[in-house]
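Below: one structure, written as C-alpha coordinates.
The values are calculated or read from the model by the stated rules, or taken from the named source; none is laboratory data. Everything quoted here is computed from the prediction, not taken from an experiment. Ideal geometry is used to build each Cβ from the backbone, glycine not excepted, and the neighbour counts take in all protein chains shown. The accessibility values were calculated without ligands, DNA or RNA, using every heavy atom of the protein model including side chains. Shrake-Rupley method; radii C 1.70, N 1.55, O 1.52, S 1.80 Å.
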Amino acid sequence: MPAFRDVKVAFLLVIALQSYPIFAQSPITADLVTDRSYISPGQEIRLVVEISNPVDSGITIERLSGSGYGLNLANQNRHYAEFTASTQCSQGLCPVDPAKGFPIRPGTSAQFYFNTLRVNAATPVGLLIRVSDIRLKLTSSEQRNINDVHLQRDFVAIVSPGGQGDSAYINAQLTANPKAGSANINATLTLHYPDTVTAGNHIEVTGTISNHGSEPITSHFILGSLQHLGNHVSSYRQIFCQFKCLYNGQFPLLHGDTIDVLFRQFYYESAFLFSGNLQIKGPHAIVRDRLNRTAYVYADDININVTHSGGVSSPATYPPMPEREPLTLTTSLDPSPRTVVYDPNTRKRWIPLPESQGMSFAQVLAQTNKGGRFEGYSIASSEEVKTLL
(Lines give C-alpha, C1' and ligand atoms only; values in the text may rest on other atoms or scores of the structure.)
Protein backbone atom coordinates (compact mmCIF):
# COMPACT_ATOMS: atom_id res chain seq x y z
CA MET A 1 0.00 0.00 0.00
CA PRO A 2 1.43 3.39 -0.94
CA ALA A 3 2.35 5.90 1.75
CA PHE A 4 1.61 9.60 1.43
CA ARG A 5 3.11 12.92 2.34
CA ASP A 6 1.89 16.49 1.92
CA VAL A 7 4.90 18.05 0.15
CA LYS A 8 6.55 16.71 -2.99
CA VAL A 9 10.17 17.57 -3.81
CA ALA A 10 12.30 15.73 -6.36
CA PHE A 11 15.74 16.29 -7.86
CA LEU A 12 18.08 14.43 -10.18
CA LEU A 13 21.85 14.79 -10.38
CA VAL A 14 23.28 13.33 -13.57
CA ILE A 15 26.95 12.51 -13.21
CA ALA A 16 27.61 9.60 -15.55
CA LEU A 17 25.67 8.36 -18.54
CA GLN A 18 25.69 4.75 -19.68
CA SER A 19 23.49 3.20 -22.36
CA TYR A 20 23.15 -0.03 -24.30
CA PRO A 21 21.93 0.42 -27.91
CA ILE A 22 19.31 -1.80 -29.49
CA PHE A 23 19.59 -2.79 -33.16
CA ALA A 24 16.93 -4.22 -35.49
CA GLN A 25 17.32 -8.00 -35.82
CA SER A 26 15.15 -10.88 -37.01
CA PRO A 27 13.38 -12.48 -34.04
CA ILE A 28 13.97 -15.97 -32.71
CA THR A 29 10.88 -18.15 -33.17
CA ALA A 30 9.58 -21.44 -31.77
CA ASP A 31 6.73 -23.77 -32.62
CA LEU A 32 5.28 -27.19 -31.88
CA VAL A 33 6.12 -30.03 -34.25
CA THR A 34 2.60 -31.43 -33.64
CA ASP A 35 -0.20 -29.16 -32.40
CA ARG A 36 -3.20 -31.54 -32.26
CA SER A 37 -3.72 -35.11 -31.09
CA TYR A 38 -6.28 -37.54 -29.75
CA ILE A 39 -5.33 -39.12 -26.43
CA SER A 40 -6.85 -42.11 -24.66
CA PRO A 41 -7.65 -42.18 -20.91
CA GLY A 42 -4.51 -43.08 -18.97
CA GLN A 43 -2.21 -42.09 -21.84
CA GLU A 44 0.52 -39.45 -22.04
CA ILE A 45 1.93 -37.34 -24.89
CA ARG A 46 5.31 -35.64 -24.86
CA LEU A 47 5.38 -32.42 -26.83
CA VAL A 48 8.23 -31.53 -29.19
CA VAL A 49 9.19 -27.89 -29.86
CA GLU A 50 11.48 -26.51 -32.54
CA ILE A 51 13.50 -23.36 -31.85
CA SER A 52 14.69 -21.44 -34.94
CA ASN A 53 17.48 -18.87 -34.71
CA PRO A 54 17.62 -16.69 -37.86
CA VAL A 55 20.97 -16.02 -39.46
CA ASP A 56 20.81 -12.27 -38.72
CA SER A 57 19.65 -12.51 -35.10
CA GLY A 58 23.11 -11.69 -33.79
CA ILE A 59 22.43 -13.96 -30.80
CA THR A 60 23.63 -17.42 -29.80
CA ILE A 61 21.02 -19.19 -27.66
CA GLU A 62 22.91 -20.78 -24.79
CA ARG A 63 20.18 -22.40 -22.72
CA LEU A 64 16.59 -22.45 -21.49
CA SER A 65 16.07 -20.47 -18.29
CA GLY A 66 12.34 -21.02 -17.83
CA SER A 67 8.98 -21.55 -19.51
CA GLY A 68 5.31 -20.83 -19.06
CA TYR A 69 1.91 -21.89 -20.43
CA GLY A 70 -1.80 -21.97 -19.70
CA LEU A 71 -3.73 -25.21 -19.15
CA ASN A 72 -7.27 -24.40 -20.21
CA LEU A 73 -9.55 -26.68 -18.23
CA ALA A 74 -12.56 -25.86 -16.09
CA ASN A 75 -11.87 -26.23 -12.37
CA GLN A 76 -13.99 -29.36 -12.11
CA ASN A 77 -11.86 -31.03 -14.79
CA ARG A 78 -8.37 -29.98 -13.69
CA HIS A 79 -7.72 -33.19 -11.80
CA TYR A 80 -7.99 -35.19 -15.03
CA ALA A 81 -4.81 -33.81 -16.62
CA GLU A 82 -1.33 -32.64 -15.70
CA PHE A 83 1.37 -30.97 -17.78
CA THR A 84 4.79 -31.61 -16.29
CA ALA A 85 8.37 -30.74 -17.18
CA SER A 86 11.04 -33.33 -17.83
CA THR A 87 13.53 -34.03 -15.07
CA GLN A 88 15.88 -35.94 -17.37
CA CYS A 89 17.67 -32.91 -18.84
CA SER A 90 19.67 -30.39 -16.85
CA GLN A 91 18.42 -27.52 -19.03
CA GLY A 92 14.73 -28.53 -19.01
CA LEU A 93 14.69 -29.32 -22.74
CA CYS A 94 16.02 -32.64 -24.06
CA PRO A 95 17.31 -32.46 -27.66
CA VAL A 96 15.60 -34.91 -30.01
CA ASP A 97 18.96 -35.31 -31.74
CA PRO A 98 21.72 -35.29 -29.08
CA ALA A 99 24.07 -33.76 -31.67
CA LYS A 100 21.71 -30.79 -32.24
CA GLY A 101 20.88 -29.11 -28.96
CA PHE A 102 22.18 -26.03 -27.17
CA PRO A 103 23.86 -23.77 -28.04
CA ILE A 104 21.74 -22.77 -31.05
CA ARG A 105 23.81 -20.47 -33.24
CA PRO A 106 22.45 -17.97 -35.79
CA GLY A 107 21.18 -19.67 -38.92
CA THR A 108 20.38 -22.97 -37.20
CA SER A 109 17.45 -24.66 -35.46
CA ALA A 110 16.96 -27.55 -33.06
CA GLN A 111 14.10 -29.73 -31.83
CA PHE A 112 13.58 -30.54 -28.16
CA TYR A 113 11.31 -32.72 -26.07
CA PHE A 114 9.21 -30.39 -23.93
CA ASN A 115 6.64 -31.07 -21.22
CA THR A 116 4.49 -34.19 -21.03
CA LEU A 117 0.67 -34.11 -21.00
CA ARG A 118 -0.84 -36.92 -18.92
CA VAL A 119 -4.52 -37.77 -18.53
CA ASN A 120 -5.70 -40.22 -15.89
CA ALA A 121 -7.71 -43.35 -16.57
CA ALA A 122 -10.96 -41.77 -15.35
CA THR A 123 -10.85 -38.87 -17.81
CA PRO A 124 -14.20 -38.61 -19.65
CA VAL A 125 -14.23 -39.23 -23.40
CA GLY A 126 -14.67 -36.04 -25.40
CA LEU A 127 -12.84 -33.77 -22.96
CA LEU A 128 -10.85 -31.14 -24.86
CA ILE A 129 -7.54 -30.08 -23.28
CA ARG A 130 -5.73 -26.99 -24.53
CA VAL A 131 -2.20 -26.00 -23.55
CA SER A 132 -2.15 -22.33 -24.55
CA ASP A 133 0.43 -19.60 -25.03
CA ILE A 134 3.50 -21.77 -24.44
CA ARG A 135 6.45 -19.41 -23.96
CA LEU A 136 10.17 -19.97 -23.54
CA LYS A 137 12.66 -17.92 -21.57
CA LEU A 138 16.00 -18.23 -23.31
CA THR A 139 19.46 -16.98 -22.37
CA SER A 140 22.21 -15.79 -24.70
CA SER A 141 25.87 -16.77 -24.60
CA GLU A 142 26.48 -13.45 -22.80
CA GLN A 143 24.12 -14.73 -20.06
CA ARG A 144 21.56 -12.08 -20.95
CA ASN A 145 17.85 -12.85 -21.13
CA ILE A 146 16.37 -12.91 -24.62
CA ASN A 147 12.87 -11.48 -25.12
CA ASP A 148 10.38 -14.22 -24.21
CA VAL A 149 9.54 -16.40 -27.23
CA HIS A 150 5.86 -17.38 -27.52
CA LEU A 151 5.21 -20.49 -29.62
CA GLN A 152 3.33 -20.08 -32.90
CA ARG A 153 0.63 -22.57 -31.92
CA ASP A 154 -1.20 -23.95 -28.91
CA PHE A 155 -1.54 -27.68 -28.31
CA VAL A 156 -4.99 -29.30 -28.37
CA ALA A 157 -5.73 -32.85 -27.17
CA ILE A 158 -9.12 -34.56 -27.27
CA VAL A 159 -9.77 -37.59 -25.09
CA SER A 160 -11.08 -40.57 -27.09
CA PRO A 161 -11.11 -44.39 -26.80
CA GLY A 162 -7.79 -45.79 -27.98
CA GLY A 163 -6.53 -42.31 -28.82
CA GLN A 164 -8.35 -42.41 -32.19
CA GLY A 165 -10.95 -40.08 -33.65
CA ASP A 166 -12.27 -38.10 -36.59
CA SER A 167 -9.35 -36.24 -38.20
CA ALA A 168 -11.64 -33.58 -39.67
CA TYR A 169 -12.99 -32.76 -36.21
CA ILE A 170 -9.61 -32.33 -34.52
CA ASN A 171 -8.16 -30.46 -37.51
CA ALA A 172 -11.00 -27.96 -37.17
CA GLN A 173 -9.70 -26.91 -33.75
CA LEU A 174 -7.95 -23.54 -33.96
CA THR A 175 -4.43 -23.57 -32.53
CA ALA A 176 -2.91 -20.26 -33.68
CA ASN A 177 -1.42 -18.42 -30.69
CA PRO A 178 -2.46 -14.71 -30.74
CA LYS A 179 0.74 -13.86 -28.83
CA ALA A 180 3.04 -15.79 -31.18
CA GLY A 181 6.55 -14.41 -31.56
CA SER A 182 8.24 -11.99 -29.18
CA ALA A 183 8.02 -8.34 -28.19
CA ASN A 184 9.48 -6.08 -30.88
CA ILE A 185 10.57 -3.29 -28.56
CA ASN A 186 13.35 -0.91 -29.59
CA ALA A 187 14.34 0.90 -26.42
CA THR A 188 17.33 1.96 -24.35
CA LEU A 189 17.99 2.19 -20.64
CA THR A 190 20.39 5.04 -19.79
CA LEU A 191 21.73 5.04 -16.23
CA HIS A 192 22.94 8.02 -14.20
CA TYR A 193 25.41 7.53 -11.34
CA PRO A 194 28.73 8.84 -10.02
CA ASP A 195 31.74 7.10 -11.52
CA THR A 196 33.78 7.79 -8.37
CA VAL A 197 32.68 8.01 -4.73
CA THR A 198 34.46 8.28 -1.40
CA ALA A 199 34.27 5.22 0.85
CA GLY A 200 31.47 5.66 3.36
CA ASN A 201 29.21 7.64 1.02
CA HIS A 202 25.91 6.32 -0.25
CA ILE A 203 25.16 5.86 -3.97
CA GLU A 204 21.96 6.30 -5.97
CA VAL A 205 21.55 4.99 -9.51
CA THR A 206 18.72 6.49 -11.55
CA GLY A 207 17.93 6.01 -15.19
CA THR A 208 15.77 6.80 -18.20
CA ILE A 209 13.88 4.33 -20.39
CA SER A 210 13.47 5.69 -23.95
CA ASN A 211 11.25 4.15 -26.61
CA HIS A 212 12.81 4.50 -30.07
CA GLY A 213 10.46 2.12 -31.90
CA SER A 214 6.89 2.06 -33.17
CA GLU A 215 5.76 -0.62 -30.69
CA PRO A 216 4.36 0.97 -27.49
CA ILE A 217 5.84 -0.07 -24.16
CA THR A 218 2.74 -0.64 -22.06
CA SER A 219 4.25 -1.30 -18.65
CA HIS A 220 7.39 -1.67 -16.56
CA PHE A 221 7.76 -4.90 -14.60
CA ILE A 222 11.01 -4.80 -12.67
CA LEU A 223 14.58 -3.44 -12.65
CA GLY A 224 17.24 -6.11 -12.30
CA SER A 225 20.87 -7.11 -12.78
CA LEU A 226 22.84 -10.29 -13.49
CA GLN A 227 25.94 -10.24 -11.28
CA HIS A 228 27.65 -8.09 -8.64
CA LEU A 229 31.45 -7.89 -8.55
CA GLY A 230 34.27 -5.97 -6.90
CA ASN A 231 35.78 -5.81 -3.43
CA HIS A 232 33.03 -3.41 -2.29
CA VAL A 233 30.07 -5.69 -3.03
CA SER A 234 29.66 -6.62 0.65
CA SER A 235 30.31 -3.03 1.79
CA TYR A 236 26.99 -1.78 0.45
CA ARG A 237 23.45 -2.77 1.28
CA GLN A 238 21.52 -2.62 -1.98
CA ILE A 239 17.94 -1.37 -1.93
CA PHE A 240 15.94 -2.56 -4.91
CA CYS A 241 13.22 -0.13 -5.88
CA GLN A 242 9.81 -1.49 -4.83
CA PHE A 243 7.84 1.65 -4.10
CA LYS A 244 8.15 4.85 -6.12
CA CYS A 245 10.27 3.57 -9.01
CA LEU A 246 8.91 5.72 -11.84
CA TYR A 247 8.61 9.47 -12.32
CA ASN A 248 8.65 12.17 -15.04
CA GLY A 249 6.60 10.14 -17.49
CA GLN A 250 3.88 7.53 -17.73
CA PHE A 251 2.98 4.35 -19.57
CA PRO A 252 2.31 3.54 -22.32
CA LEU A 253 5.54 4.88 -23.80
CA LEU A 254 4.98 5.70 -27.46
CA HIS A 255 7.70 6.42 -30.02
CA GLY A 256 9.98 9.13 -28.63
CA ASP A 257 8.57 8.94 -25.09
CA THR A 258 10.75 8.56 -22.00
CA ILE A 259 10.27 7.78 -18.33
CA ASP A 260 12.71 8.13 -15.44
CA VAL A 261 13.34 5.27 -13.02
CA LEU A 262 14.98 4.81 -9.64
CA PHE A 263 17.20 1.82 -10.41
CA ARG A 264 19.09 1.06 -7.21
CA GLN A 265 20.25 2.63 -3.95
CA PHE A 266 23.48 1.57 -2.21
CA TYR A 267 24.06 2.25 1.51
CA TYR A 268 27.57 1.90 2.89
CA GLU A 269 27.54 -0.43 5.91
CA SER A 270 31.07 -1.80 6.14
CA ALA A 271 32.91 -1.42 9.45
CA PHE A 272 35.98 -0.21 7.50
CA LEU A 273 36.72 2.41 4.87
CA PHE A 274 38.98 1.31 2.02
CA SER A 275 39.59 1.84 -1.68
CA GLY A 276 38.24 -0.47 -4.35
CA ASN A 277 35.43 -0.79 -6.83
CA LEU A 278 31.84 -1.88 -7.30
CA GLN A 279 30.55 -3.42 -10.52
CA ILE A 280 26.99 -4.38 -11.46
CA LYS A 281 26.83 -6.62 -14.54
CA GLY A 282 23.85 -6.61 -16.87
CA PRO A 283 21.59 -3.92 -15.37
CA HIS A 284 18.25 -4.07 -17.15
CA ALA A 285 14.60 -3.14 -17.18
CA ILE A 286 11.91 -5.74 -17.85
CA VAL A 287 9.05 -4.22 -19.84
CA ARG A 288 5.97 -5.43 -21.72
CA ASP A 289 4.34 -4.74 -25.06
CA ARG A 290 0.62 -4.37 -25.80
CA LEU A 291 0.22 -8.16 -25.99
CA ASN A 292 1.74 -8.39 -22.50
CA ARG A 293 4.88 -10.07 -23.86
CA THR A 294 8.08 -9.56 -21.88
CA ALA A 295 11.17 -7.79 -23.22
CA TYR A 296 14.52 -7.01 -21.60
CA VAL A 297 16.20 -3.63 -22.06
CA TYR A 298 19.87 -3.69 -21.01
CA ALA A 299 22.16 -0.84 -20.04
CA ASP A 300 25.95 -0.91 -19.95
CA ASP A 301 27.50 -2.41 -16.82
CA ILE A 302 27.74 -0.13 -13.79
CA ASN A 303 31.34 0.60 -12.78
CA ILE A 304 32.03 2.76 -9.71
CA ASN A 305 35.44 3.48 -8.22
CA VAL A 306 35.48 3.77 -4.43
CA THR A 307 38.34 5.89 -3.07
CA HIS A 308 39.79 6.31 0.41
CA SER A 309 42.52 8.78 1.32
CA GLY A 310 45.89 7.23 2.01
CA GLY A 311 44.86 3.92 0.47
CA VAL A 312 44.96 2.22 3.90
CA SER A 313 41.88 0.64 5.47
CA SER A 314 40.54 2.53 8.49
CA PRO A 315 37.56 2.03 10.84
CA ALA A 316 34.32 3.62 9.66
CA THR A 317 32.55 5.96 12.05
CA TYR A 318 28.90 6.81 11.63
CA PRO A 319 27.05 9.68 13.32
CA PRO A 320 24.79 8.70 16.23
CA MET A 321 21.10 8.22 15.55
CA PRO A 322 19.25 11.46 16.31
CA GLU A 323 16.60 11.55 19.01
CA ARG A 324 13.11 11.34 17.56
CA GLU A 325 9.81 12.63 18.84
CA PRO A 326 6.94 10.14 18.63
CA LEU A 327 4.39 10.18 15.80
CA THR A 328 0.90 11.41 16.70
CA LEU A 329 -2.61 11.08 15.31
CA THR A 330 -4.22 14.43 14.62
CA THR A 331 -6.91 16.06 12.49
CA SER A 332 -5.86 17.98 9.41
CA LEU A 333 -8.15 20.59 7.84
CA ASP A 334 -6.13 21.09 4.66
CA PRO A 335 -7.42 20.45 2.09
CA SER A 336 -10.31 18.69 3.90
CA PRO A 337 -10.87 17.40 7.46
CA ARG A 338 -9.35 13.96 7.98
CA THR A 339 -7.33 11.97 10.49
CA VAL A 340 -3.61 11.96 9.65
CA VAL A 341 -0.36 10.79 11.19
CA TYR A 342 1.80 13.80 12.07
CA ASP A 343 5.59 13.48 12.22
CA PRO A 344 6.95 16.33 14.38
CA ASN A 345 10.49 15.47 13.27
CA THR A 346 9.87 16.34 9.62
CA ARG A 347 6.57 18.25 10.05
CA LYS A 348 4.98 16.05 7.43
CA ARG A 349 1.45 14.71 7.52
CA TRP A 350 0.75 11.14 6.41
CA ILE A 351 -2.54 9.53 5.43
CA PRO A 352 -2.93 6.22 7.36
CA LEU A 353 -2.26 3.18 5.15
CA PRO A 354 -5.69 1.53 5.73
CA GLU A 355 -7.27 4.31 3.63
CA SER A 356 -5.55 2.89 0.51
CA GLN A 357 -6.17 -0.77 1.43
CA GLY A 358 -6.88 -2.84 -1.68
CA MET A 359 -6.04 -0.04 -4.13
CA SER A 360 -3.43 -0.37 -6.87
CA PHE A 361 -0.60 2.13 -7.33
CA ALA A 362 -2.36 3.63 -10.37
CA GLN A 363 -5.66 3.98 -8.49
CA VAL A 364 -3.99 5.72 -5.57
CA LEU A 365 -2.05 8.03 -7.88
CA ALA A 366 -5.26 9.01 -9.69
CA GLN A 367 -6.89 9.95 -6.37
CA THR A 368 -4.13 12.52 -5.65
CA ASN A 369 -5.48 14.68 -8.49
CA LYS A 370 -7.88 17.57 -7.93
CA GLY A 371 -11.20 16.31 -6.63
CA GLY A 372 -9.76 12.93 -5.61
CA ARG A 373 -9.84 11.32 -2.17
CA PHE A 374 -6.19 12.20 -1.59
CA GLU A 375 -6.12 15.66 -3.16
CA GLY A 376 -3.29 17.77 -1.79
CA TYR A 377 -1.11 14.74 -1.02
CA SER A 378 1.42 12.84 -3.11
CA ILE A 379 2.93 9.38 -3.02
CA ALA A 380 6.10 9.43 -0.97
CA SER A 381 9.51 8.38 -2.19
CA SER A 382 11.40 5.53 -0.53
CA GLU A 383 13.72 8.08 1.09
CA GLU A 384 10.77 9.91 2.63
CA VAL A 385 9.31 6.67 3.95
CA LYS A 386 12.63 6.06 5.75
CA THR A 387 12.12 9.27 7.73
CA LEU A 388 9.29 7.52 9.57
CA LEU A 389 11.57 4.74 10.85
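Just a few scattered comments:
- Ranked order, D97, D334 - accessible area, probe 1.4 Å, largest first: D334, D97
- Averaging the Cα positions of each part gives two centres, and for region 192-226 and region 323-350 these lie 33 Å apart.
- Summed residue charge, Cβ within 14 Å of R144's Cβ, Lys/Arg positive, Asp/Glu negative: -2
- Largest accessible area first, the residues L365, L138 order themselves as L365, L138 under a 1.4 Å probe with ligands, DNA and RNA left out.
- Computed over protein heavy atoms with a 1.4 Å probe, the accessible surface of region 72-164 works out to 47 Å² per residue.
- Solvent-accessible area, 1.4 Å probe, carbon plus sulfur percent, for region 86-242: 50 percent
- Answer label for volume of the Cα convex hull per residue in Å³ (calculated), chosen among (1) 147; (2) 180; (3) 206: (3)
- Accessible area (Å², 1.4 Å probe, nearest 10) - E325: 110 Å²
- Relative contact order, percent, the chain [alpha-carbon distance under 8 Å, six or more residues apart]: 19 percent
- Between region 110-131 and region 236-288, the Cα center-to-center distance that results, in Å: 43 Å
- Computed on region 24-68, with alpha-carbon pairs under 8 angstrom and 6+ residues apart, the relative contact order is 47 percent.
- Mean separation of Cα contacts under 8 Å (6+ apart) over length of region 303-373, as relative contact order %: 16 percent
- At a probe radius of 1.4 angstrom, the accessible area of region 249-367 per residue rounds to 55 square angstrom.
- Its Cα centre serving as origin, the chain has a Cβ charge dipole (Lys and Arg +1, Asp and Glu -1) of approximately 520 debye.
- Residue with peak Gaussian network fluctuation, the chain [Cα springs, cutoff 10 Å], from N231, N211, N184: N231
- By accessible area with a 1.4 Å probe, ligands and nucleic acids excluded, highest first: order of L128, L136: L128, L136
- Rounded to the nearest 10 Å², the accessible area of H255 at probe 1.4 Å: 130 Å²
- Heavy-atom accessible surface of S336, to the nearest 10 Å², is about 50 Å², with a 1.4 Å probe and all protein chains retained.
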